1. Trypsin sites (Lys or Arg not before Pro) within the range B:281-381: which are DSSP loop residues with at most 10 other Cβ atoms inside 10 Å?
2. At most 11 other Cβ atoms within 10 Å and a DSSP loop assignment: could you name the GluC sites (Glu not before Pro) in the range B:75-180 that fit?
3. For the range B:159-237, what does the relative contact order come out to in percent, with C-alpha contacts under 8 Å and a separation of six or more?
4. Among B:P31, B:L63, B:M41, whose Cα sits farthest toward the positive end of the charge dipole of the range B:3-70 (+1 at Cβ of Lys/Arg, -1 at Cβ of Asp/Glu, about the Cα centre)?
5. Between A:H125, A:A67, A:P50, whose Cα lies farthest towards the positive end of the dipole of the range A:45-159 when Lys and Arg beta carbons carry +1 and Asp and Glu beta carbons carry -1, centred on the Cα centre?
6. Loop only by DSSP, 15 or fewer other Cβ within 10 Å of the Cβ. Give me the GluC sites (Glu not before Pro) in the range B:527-619 that pass, ordered by residue number.
7. Counting other beta carbons within 10 Å of each Cβ, put B:H364, B:H571, B:H48 in order, fewest first.
8. Percent antiparallel among DSSP beta bridges with both residues in the range A:42-134, to the nearest 5?
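Since every read-out is calculated from the coordinates, none of them should be taken as a lab result. What you see is a predicted model, and the numbers here were worked out from it, not measured in a lab. Virtual Cβ from ideal backbone geometry, glycine too; neighbours counted across all protein chains shown.
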Amino acid sequence: MAAPLRRSLPSLGRALLSPAPAPARMLSAAASDALVEIKPGEIGMVSGIPEEHLRRKVVIYSPARTASQQGSGKVGRWKINFVSTQKWENPLMGWTSTGDPYANVGEAGLTFDSADSAKAFAEKHGWDYVVRKRHTPLLKPKSYAENFKWRGPPKAEQA
Amino acid sequence: MCLVEVEKSPKPVASCAMPALPGMKIKTNTPVAKKAREGVMEFLLMNHPLDCPICDQGGECDLQDQSMAFGADRGRFTEMKRSVVDKNLGPLVKTVMTRCIQCTRCVRFATEVAGVQDLGMLGRGSGEEIGTYVEKLMSSELSGNVIDICPVGALTSKPFAFKARNWELKGTETIDVTDAVGSNIRVDSRGPEVMRIVPRLNEDINEEWISDKTRFCYDGLKRQRLNDPMIRGPDGRFKAVTWRDALAVVAEVLQQVKPEEITGVAGKLSDAESMMALKDFVNKMGSDKVLCEGNGPNPPADLRSNYLMNTSIARLEKADAILLVGTQPRVEAAIVNARIRKTVRATQAKVAYIGPPTDFNYDHEHLGTGPQTLVEIAEGRHSFCSTLQSSKNPVIIAGAGLFEREDQDALFSTIESVAKKFNVVRPDWNGLNVLLLHAAQAAALDLGLVANPTESIKSAKFLYLMGADDVSLDKVPDDAFVVYQGHHGDKAVYRANVILPSSAFSEKEGTYENTEGCTQWTIPAVPTVGDARDDWKIIRALSEVAGAQLPYDSLSGVRDRISMVAPNLVHVDEREPCTISSEVKPPVKQQVSSTPFKTVVENFYMTDAITRASKIMAQCSATLLKK
């Protein structure tokens with residue numbers, strides 16, 4: 001339909017700035033020419049993370065632009081959502097408690113420049129991930145002068 | 001803020017209004033441009049109060065961002081700031097009109113997208129203000145979007161006012177289930193509580209808008225919730241029990257009834273996983289009576305094209321003649337209505353409507369109230385035929401309310417003959433649509449929950465209601481055992497013998513298919529309430545206690561099973577159109593009755609268990625639906 005109008009992402013500038021997906025390729029088993037071959041899940045295993053957290057389901061997504069009229073500076077980054085809902089209100093103080101060490105990691109701690117680097121990160125920790133499609137605005141070429149363009153005599157029903 | 005310096009231009013140029021020409025030398029970061037922007041910012045802030053610390057927009061405010069980026073480090077304004085009287089726009093939108101910077105985006109939104117001429121600009125110069133002229137509530141089902149549209153804190157959410165700051169909130173990108181559109185939303189939560197719901201962009205479905213029901217139903221998630229499994233004692237009162245006891249009681253009753261007396265009813269908010277589990281469980285118990293509410297006695301589930309919006313929501317913009325049959329899109333699917341309005345505004349598409357008198361926010365022709373008008377069109381005797389004949393991309397949208405009618409088959413075959421006559425279905429264009437009402441409907445028809453509700457409920461001795469509150473329970477035999485599994489203590493709980501608490505859409509991972517056949521997932525944002533469990537897990541546990549264990553025990557297991565029944569339900573974020581045409585259908589013998597079409601949604605703000613429990617929605621129906 002209007003596929004060419006969709007903003008092609010990542011933009012060239014961002015692609016140059018972001019680290020190349022080379023480390024991601026190194027992680028996959030196929031890259032045998034790498035000096036050290038890292039199997040999926042290995043980093044997680046040696047890092048001392050409890051085993052139950054190495055078999056998590058995570059969602060890789062790119063946060064949508066805020067609905068309020070802010071600029072688009074923070075759009076285009078990728079995040080990992082740990083689908084962590086183990087929270088409760090502490091009965092003593094009313095504070096929020098959580099039993100999940102990853103509860104606040106995805107939101108605040110991890111940001112990736114591309115879906116690939118987020119995937120590589122999830123792979124080396126052995127997480128079972130799903131990548132959600134990113135929705136980008138449909139850009140329509142408009143010009144201010146169009147508003148004053150002569151479109152022929154007004155139609156009878158419009159008058 | 002868009003001021004730039006152009007070489008050989010005596011003054012800074014507004015880049016947003018100036019077309020770039022070859023040979024132009026544009027400088028964006030020079031002292032002249034900076035000074036010019038500072039000047040504009042100073043004018044904007046002249047009459048803007050310095051109340052960011054107590055403003056709900058603070059932290060996600062465009063003016064705040066802009067003044068951080070482009071503003072001066074001091075103000076020179078020592079006079080009195082202007083003050084403007086706050087307007088009452090109803091129970092949803094809070095106004096602090098002194099903060100308004102007169103950008104008029106809300107006026108443009110109201111007139112162009114929402115289609116209500118409520119807001120406008122009054123006065124001139126420093127007396128200029130946004131208002132409704134005579135005091136009037138904003139009577140649009142999309143009015144909440146002006147909160148997002150406002151670049152400052154002049155229009156903010158009334159229910160959210162002073163409840164939380166936006167940087168404390170955790171956003172979870174999920175979808176809405178209060179109607180069949182499946183609008184993309186972000187659920188903002190703080191700790192274990194949903195604080196607000198905001199839209200997120202999806203050009204194919206909801207663009208960047210959501211309806212007021214979607215945006216403000218969230219307080220219903222905190223009220224009337226079912227916490228614990230409960231059993232009704234001999235005295236008629238519910239007693240909280242453990243899961244083990246509750247499931248044992250249900251399983252025991254299940255052993256005593258005959259297989260054909262078991263009926264399962266899925267509710268309108270059910271996800272595909274739970275409906276799959278319910279269907280497998282009831283089938284395993286030896287009954288085939290599983291249905292989803294709202295699908296009528298004889299749902300057209302054989303071909304997907306018979307119950308989906310085949311044109312797709314986005315492609316409605318290509319239509320040039322639209323025939324609405326027995327559907328009131330403004331209340332049934334406000335976002336689809338906004339899309340139709342966009343089409344009408346952009347291309348002057350002709351809209352014709354058959355059904356009871358109702359509100360429209362665009363030009364339309366009311367052809368009639370009953371099926372006779374439809375028959376007249378099918379026979380080519382109606383004046384609207386010439387419009388359909390001359391249109392390139394005609395669209396017919398039938399309401400899902402027609403599923404409940406006796407003469408449903410005849411009606412749909414008449415609609416199909418209209419489609420055939422005016423070339424509505426072609427290889428490059430499918431204009432034959434059904435607009436569904438509930439989030440669960442499409443997936444239920446895909447999975448084959450198609451039993452006849454009246455017959456199966458009348459003969460049921462064991463009725464399993466999975467969040468079904470709107471099925472008529474008058475016909476349930478007095479000695480029937482009713483299990484209600486759901487998240488809200490709504491209508492059906494009054495008849496239930498056992499209550500099994502389950503999680504709401506904001507607390508579970510579920511698959512939903514929207515009216516155009518696009519499969520989407522919800523992602524849990526907050527923990528479940530009390531001892532509630534996910535719907536499919538409850539049925540899985542019950543199946544084991546009842547001795548008919550279902551062959552899956554993980555979400556991926558259920559999804560594998562779904563992929564066997566309806567593979568389109570595992571292709572997430574994809575719209576899978578139907579490939580088989582409806583021409584293979586057998587001929588219909590039935591006659592069209594003369595009963596006029598009925599209004600399906602009486603109250604836009606209260607359609608399901610969540611919205612009926614919501615205080616904000618109750619306020620809306622009390623103030624905004626008053627005629």
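1. Details: sites: B:K284, B:K289, B:R304, B:R315, B:K318, B:R330, B:R339, B:R341, B:K342, B:R345, B:K350, B:R381; in loops: B:K289, B:R381.
Counting only loop positions with at most 10 other Cβ atoms within 10 Å, the trypsin sites (Lys or Arg not before Pro) in the range B:281-381 are B:R381.
2. Those that pass, being in a loop and sparsely packed, are B:E79, B:E135.
3. Working: 103 pairs, mean separation 16.8, N = 79.
It comes to 21 percent, rounded to a whole number.
4. Highest projection toward the positive end goes to B:P31.
5. Of the candidates, A:A67 comes out farthest on the positive side.
6. Values: sites: B:E544, B:E574, B:E583, B:E602; in loops: B:E602.
Hits after loop and neighbour filter: B:E602.
7. Final ranking by Cβ density, sparse to dense: B:H571, B:H364, B:H48.
8. Values: 7 of 11 bridges.
Of all bridge pairs located within the range A:42-134, approximately 65 percent are antiparallel.
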